[in-house]
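S.K.: This is the structure I have questions about; it appears just below.
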Amino acid sequence: ILAISDKIVPTLYSPNIRSYVGKVDLVLSCGDLPLYYVDFVASMLETPCYLVQGNHASGVEFEQVDELAPRRTHPMDIDGRVVCEKDLLIAGLEGSIRYNKNPRFQYTQNEMWLKVWALSPSLLFNRLRHGRCLDILVAHNPPAGIHDGPDRAHEGFNSFLWLMRAFRPRYLLHGHKHVYRRDEVTETQYRETTVINVYPWRVLEL
């Protein structure tokens with residue numbers, strides 16, 4: 001799996017992408033990337049792709065959006081839903097913690113709790129049908145206390161901790177928190193879930 005987030009990487013936005021990432025069966029985007037970049041990466045690798053949108057999605061990275069216009073959903077967007085791809089159960093939760101007055105793609109702790117609860121019936125159905133609830137949660141924001149930051153804009157979601165305890169996904173992939181130091185922790189085990197900050201890209205073998 002090639003997971004991408006937050007930053008256009010020239011080596012990936014290149015006709016030579018295969019020589020850098022090798023064989024890839026699935027692309028997952030954790031947000032704040034232009035759709036043309038996500039589409040390019042998936043097209044060049046000739047693989048399925050799913051995404052969630054980040055807190056900057058309503059800006060120029062995607063398109064100029066009229067705040068009063070109805071929101072249009074990209075067909076690869078899995079926010080609030082579950083897909084089964086290559087025998088993997090994958091769900092998505094978009095956006096970041098609300099830190100300013102931007103009405104789109106930002107959520108309070110309570111608002112994200114509502115999104116997690118709305119997703120829960122699908123995960124319980126997976127348990128009945130597949131014997132497990134979820135393999136990968138694709139998110140933009142990190143969980144509370146795991147890879148988040150001390151500032152309001154990078155605060156983690158409390159509801160993600162409950163989701164991991166209740167539904168035990170194998171992986172939670174996120175972006176949002178940019179990584180600038182080599183000693184910064186980007187992979188953490190929380191109970192049965194491996195939480196990974198994929199910024200700006202990461203290849204995972206499952």
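S.K.: For the subset of segment 152-192 comprising residues that are open to solvent by 90 Å² or more (accessible area, probe 1.4 Å) and within 15 Å of the chain's Cα centre (by Cα), which member is nearest to residue 138 (Cα to Cα)?
M.R.: If we take residues in segment 152-192 being open to solvent by 90 Å² or more (accessible area, probe 1.4 Å) and within 15 Å of the chain's Cα centre (by Cα), then 170 is nearest to residue 138 (Cα to Cα).
S.K.: Continuing with the same structure: Provide a single number: the residues in segment 183-206 that are assigned to a strand (DSSP E or B), aliphatic (A, V, I, L, M) and out of contact with any Gly (no Cβ under 8 Å at 6 or more places or on another chain).
M.R.: 2
S.K.: Same structure again: Out of all the residues in segment 181-206, which are of a type outside the set (D, E, K, R) and under 19 Å from residue 168 (Cα atoms)?
M.R.: Selection gives 188, 189, 190, 193, 194, 195, 196, 197, 204, 206.
S.K.: For residue 88, all conditions in the list (1) modelled with pLDDT of 95 or more; (2) within 19 Å of residue 169 (Cα to Cα); (3) surrounded by fewer than 14 Cβ atoms within 10 Å (Cβ to Cβ) hold save one; what is the number of the exception?
M.R.: Checking residue 88 against (1) modelled with pLDDT of 95 or more; (2) within 19 Å of residue 169 (Cα to Cα); (3) surrounded by fewer than 14 Cβ atoms within 10 Å (Cβ to Cβ), the one that fails is (3).
Let's see how each residue does on (1) open to solvent by 10 Å² or more (accessible area, probe 1.4 Å); (2) small (Gly, Ala, Ser); (3) modelled with pLDDT under 95; (4) in a loop (DSSP other than H, G, I, E, B):
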{"residue": "28", "(1), (2), (3), (4)": "no, no, no, no"}
{"residue": "54", "(1), (2), (3), (4)": "no, yes, yes, yes"}
{"residue": "67", "(1), (2), (3), (4)": "yes, no, yes, yes"}
{"residue": "74", "(1), (2), (3), (4)": "yes, no, yes, yes"}
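S.K.: Shifting gears a bit: Here is a check on your reading of the model: is residue 172 in contact (Cβ under 8 Å) with a residue 24 or more places away in the chain and in a strand (DSSP E or B)?
M.R.: yes
S.K.: Can you find even one residue in segment 140-148 that is hydrophobic (A, V, I, L, M, F, W, C), open to solvent by 60 Å² or more (accessible area, probe 1.4 Å) and over 29 Å from residue 41 (Cβ atoms)?
M.R.: no
S.K.: Which members of segment 111-143 meet the condition of being within 19 Å of the chain's Cα centre (by Cα) and farther than 22 Å from residue 28 by Cβ?
M.R.: 111, 113, 114, 117
S.K.: Name, by its number, the condition in (1) assigned to a loop (DSSP other than H, G, I, E, B); (2) surrounded by 23 or more Cβ atoms within 10 Å (Cβ to Cβ) that does not hold for residue 133.
M.R.: Just one mismatch for residue 133, condition (2).
The values are calculated or read from the model by the stated rules, or taken from the named source; none is laboratory data. This one's a predicted model, so the numbers in the text were calculated from it and none came from an experiment. Cβ: placed from backbone, ideal geometry, glycine included. Neighbour counts: every protein chain shown. In case anyone asks, the SASA skips ligands and DNA or RNA and just uses the protein heavy atoms, side chains included. Shrake-Rupley method; radii C 1.70, N 1.55, O 1.52, S 1.80 Å.
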